[in-house]
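Contents: one structure, followed by commentary.
The values are calculated or read from the model by the stated rules, or taken from the named source; none is laboratory data. Since this is a predicted model, take the numbers as computed values, not measurements. Cβ placement follows ideal geometry from the backbone for every residue including glycine, while neighbour counts extend to all protein chains displayed. Side chains are part of the model used for accessible areas, which takes the heavy atoms of the whole protein and leaves out ligands, DNA and RNA. Shrake-Rupley method; radii C 1.70, N 1.55, O 1.52, S 1.80 Å.
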Amino acid sequence: MKLSQIVHKFGCTVYTKDLYDPEKTIDFAFCSDLMSDALMIMSTVKDGETLRDSVLITGLTTNQSIRTAEMLDVEVVLLVRGKIPAEPVIELARESGIVLLGTNLTMFNVSGLMYQEGIQGISLHK
Amino acid sequence: MITLDRHFVIVPNDYNEAGKASSELKRTLKRMGFSRDLIKRVSVASYEAEINIVIHSLGGTADFKIIDDVIYLQFIDCGPGIPDIELAMQEGFSTANEVSRLNGFGAGMGLKNIKKAADDMILVSDCNGTVLKLKFYIREDDKNVG
Ligand SMILES: Nc1ncnc2c1ncn2[C@@H]1O[C@H](COP(=O)(O)OP(=O)(O)OP(=O)(O)O)[C@@H](O)[C@H]1O
Ligand SMILES: [Mg+2]
């Protein structure tokens with residue numbers, strides 16, 4: 001999916017307008033509110049391109065979701081259930097080069113819809 | 001030759017600053033042109049270790065060094081220490097409180113993740129504090145990529 005399709009279909013708010021590239025493609029996703037789960041699973045992906053084409057879907061609106069994405073080279077974070085990040089979190093995303101999006105959809109629903117669009121889940125690579 | 005030597009103070013329970021040292025480390029390694037894979041392993045391990053000091057300890061320090069072809073990370077904190085290291089290393093074991101869980105941590109995956117990422121890990125702990133030493137080897141194909 002193109003980032004612009006994600007934003008359009010799921011009614012996303014783009015919190016980091018200056019970093020937003022509508023043409024960026026997203027092929028993979030992982031969702032969790034526990035950052036160590038994301039760090040554990042996503043760091044087993046060997047191909048760096050995969051992570052760059054991934055989105056981290058989370059309900060965690062703190063700095064730590066941004067930091068986690070940064071450590072993993074994941075470039076897009078999608079906040080679910082209409083959670084609004086505080087200004088310093090948006091600022092950190094900007095500074096870290098992370099595109100920060102928000103949708104009113106729940107984690108399950110937005111994940112299901114993305115899956116239907118062909119976005120693959122990231123699973124543990126041994 | 002020493003090509004990196006940085007020292008950071010890690011403040012306990014400061015969830016806004018948590019991860020800052022690891023983030024700076026990552027940016028420095030990027031500037032130094034190492035491979036993505038190496039940088040990712042080092043930053044993920046560093047971040048987990050830094051967060052552990054923030055959420056489980058009374059505060060501590062992080063030291064990042066590169067000497068020749070080895071990256072050394074050292075984390076030292078002022079206690080209370082890990083009573084049973086073997087248990088702490090088990091996936092899913094966590095004593096993290098509600099506040100850290102609300103901040104996205106406490107899955108009990110961190111130490112395991114660190115061990116997997118690093119080429120070498122030494123964890124020493126008693127009631128005075130915990131010392132975590134990590135080593136990452138810089139291979140020829142990790143250099144001058146970025
Ligand atoms: N620096 C430390 N000081 C004291 N106890 C620690 C320290 N680091 C880890 N521990 C103990 O070891 C346990 C396991 O740590 P680990 O990093 O694997 O998981 P976690 O921090 O609880 O959760 P996660 O890392 O998945 O967010 C912790 O719950 C804690 O009891
Ligand atoms: Mg931990």
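Results, tabulated for the structure shown:
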{"read-out": "Residue list for region A:17-43, filter: β-branched (V, I, T) and open to solvent by less than 10 Å² (accessible area, probe 1.4 Å)", "value": "A:I26"}
{"read-out": "Count of residues meeting criterion [in contact (Cβ under 8 Å) with a residue 60 or more places away in the chain and either outside any loop (DSSP other than H, G, I, E, B) or within 11 Å of chain A (Cβ to nearest Cβ) (or both)] in region B:4-17", "value": "4"}
{"read-out": "Failed item in (1) within 13 Å of chain A (Cβ to nearest Cβ); (2) under 12 Å from the mean Cα position of the chain (by Cα); (3) farther than 20 Å from B:R6 by Cα, with B:L123 passing the rest", "value": "(1)"}
{"read-out": "Residue count, region B:122-146 (criterion: more than 13 Å from ligand 1 (Cβ to nearest atom) and not in a strand (DSSP E or B))", "value": "9"}
{"read-out": "Positions within region A:85-121 being within 30 Å of B:E17 (Cβ to Cβ), out of contact with any strand residue (DSSP E or B) (no Cβ under 7 Å at 6 or more places or on another chain) and in contact (Cβ under 8 Å) with a residue 40 or more places away in the chain, in sequence order", "value": "A:R94, A:G97"}
{"read-out": "Residues located in region B:75-118, provided they are among the aliphatic types (A, V, I, L, M), within 12 Å of ligand 2 (Cβ to nearest atom), more than 26 Å from A:L79 (Cα to Cα) and within 14 Å of another protein chain (Cβ to nearest Cβ)", "value": "B:A88, B:M89, B:L111, B:I114"}
{"read-out": "All positions within region B:119-146 that are touching a residue at least 60 places away in the same chain (Cβ under 8 Å), hydrophobic (A, V, I, L, M, F, W, C) and within 16 Å of ligand 2 (Cβ to nearest atom)", "value": "B:L132, B:L134"}
{"read-out": "Hits in region A:90-111 (condition: of a type in the set (A, V, I, L, M, F, W, C) and in a strand (DSSP E or B))", "value": "A:V99, A:L100, A:L101"}
{"read-out": "Counted residues, region B:91-121 - those being in a helix (DSSP H, G or I), of a type outside the set (K, R) and open to solvent by 20 Å² or more (accessible area, probe 1.4 Å)", "value": "4"}
{"read-out": "Matching option when the condition is hydroxyl-bearing (S, T, Y), touching a residue at least 60 places away in the same chain (Cβ under 8 Å) and part of a helix (DSSP H, G or I), among A:T44, A:T50", "value": "A:T50"}
{"read-out": "Boolean, B:V99 is more than 11 Å from ligand 1 (Cβ to nearest atom) and aliphatic (A, V, I, L, M)", "value": "yes"}
{"read-out": "Considering residues of region A:68-123 that are of a type in the set (D, E, K, R) and open to solvent by 30 Å² or more (accessible area, probe 1.4 Å) only, the residue nearest to the other protein chains (Cβ to nearest Cβ)", "value": "A:E95"}
{"read-out": "In region A:44-67, the residues that are open to solvent by 30 Å² or more (accessible area, probe 1.4 Å) and not β-branched (V, I, T)", "value": "A:K46, A:D47, A:E49, A:R52, A:D53"}
{"read-out": "Members of region B:55-74 found to be touching a strand residue (DSSP E or B) at 6+ places or on another chain (Cβ under 6 Å) and within 14 Å of ligand 2 (Cβ to nearest atom), listed by number", "value": "B:S57, B:G60"}
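Residue by residue, here is whether (1) surrounded by 16 or more Cβ atoms within 10 Å (Cβ to Cβ); (2) within 9 Å of ligand 1 (Cβ to nearest atom); (3) in contact (Cβ under 8 Å) with a residue 40 or more places away in the chain holds:
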| residue | (1), (2), (3) |
| --- | --- |
| B:A45 | yes, no, yes |
| B:D63 | no, no, yes |
| B:Q74 | yes, no, yes |
| B:P80 | no, yes, yes |
| B:M89 | yes, yes, no |
